[in-house]
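Structure first, commentary second.
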Amino acid sequence: MPLLRLLPVALVLALGLFLALNLGRPQQATIRSAMVGKPVPAFALPGLGNGPGLAAGDLARGGPVLVNFFASWCLPCRVEAPQLRALREKGVEIEGIALRDTPEAIGAFLARHGNPFTRIGLDRDGKVAIAFGSSGVPETFLVDGRGIIRHQHLGEIRPEHVPELVREIERWR
């Protein structure tokens with residue numbers, strides 16, 4: 001009977017130890033989109049306010065482009081905002097797809113964190129994200145100038161990822 005009383009304490013301690021040991025580990029991104037190497041799925045999204053929307057044809061204009069899935073409610077999206085601006089300053093074209101968000105919230109997010117996007121499409125129901133094979137926000141896809149998805153970056157873009165993405169973009173110019 002006394003051992004049964006210690007069982008909950010032992011379980012909590014085991015869980016705490018597991019979390020402590022795994023807290024600082026880098027995330028192992030293993031979910032890859034089946035769309036890498038395939039044409040961008042057909043889509044046409046409305047734009048933000050009076051801005052232009054975004055369609056699949058906009059991603060096949062001759063040069064590589066990053067397509068960034070983001071949301072105003074996404075904390076890691078705030079972390080990656082400075083890196084998106086840095087990529088834009090390096091001449092990288094970035095198109096945004098706002099996932100399950102409102103125009104008002106997106107406008108406030110962009111006012112606070114900057115707008116690196118050429119266009120922003122509103123994916124209100126998440127169907128375009130699903131068609132891309134996206135696993136969530138933030139997530140970024142590199143599309144070559146012919147409209148083929150060539151690279152997927154899972155999670156937020158951190159400063160150490162910027163050179164890697166620039167190399168990938170240059171590879172597909």
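Observations, loosely collected:
- Of the helices (runs of 4 or more DSSP H) lying entirely inside the stretch 75-134, those carrying at least 1 residues that are within 21 Å of Val36 (Cβ to Cβ) and not hydroxyl-bearing (Ser, Thr, Tyr) are 75-89, 127-132.
- Count of residues meeting criterion [over 17 Å from Ala44 (Cα atoms), out of contact with any Ser or Thr (no Cβ under 9 Å at 6 or more places or on another chain) and part of a strand (DSSP E or B)] in the stretch 135-173: 3
- Test: Leu154 is touching a residue at least 12 places away in the same chain (Cβ under 8 Å), touching an Asp or Glu at 6+ places or on another chain (Cβ under 7 Å) and closer than 15 Å to Pro64 by Cβ: no
- Every condition in (1) free of Cβ contacts under 8 Å to residues at least 60 places away in the same chain; (2) under 14 Å from the mean Cα position of the chain (by Cα) is met by Glu93 except one, and the failing one is (2).
- The stretch 61-90, subset closer than 18 Å to Gly133 by Cβ and among the aliphatic types (A, V, I, L, M), residue farthest from the chain's Cα centre (by Cα): Val65
- Some residue of the stretch 17-32 being under 18 Å from the mean Cα position of the chain (by Cα), aliphatic (A, V, I, L, M), modelled with pLDDT of 70 or more and outside any loop (DSSP other than H, G, I, E, B): no
- Members of the stretch 41-75 found to be closer than 18 Å to Ala105 by Cβ and touching a helix residue (DSSP H, G or I) at 6+ places or on another chain (Cβ under 8 Å), listed by number: Leu45, Leu48, Gly49, Asn68, Phe69, Phe70, Ala71, Ser72, Trp73
The values are calculated or read from the model by the stated rules, or taken from the named source; none is laboratory data. All values reported here derive from a predicted model rather than from experimental measurement. Cβ coordinates were reconstructed from backbone atoms using ideal geometry, including for glycine residues, and neighbour counts include every protein chain displayed.
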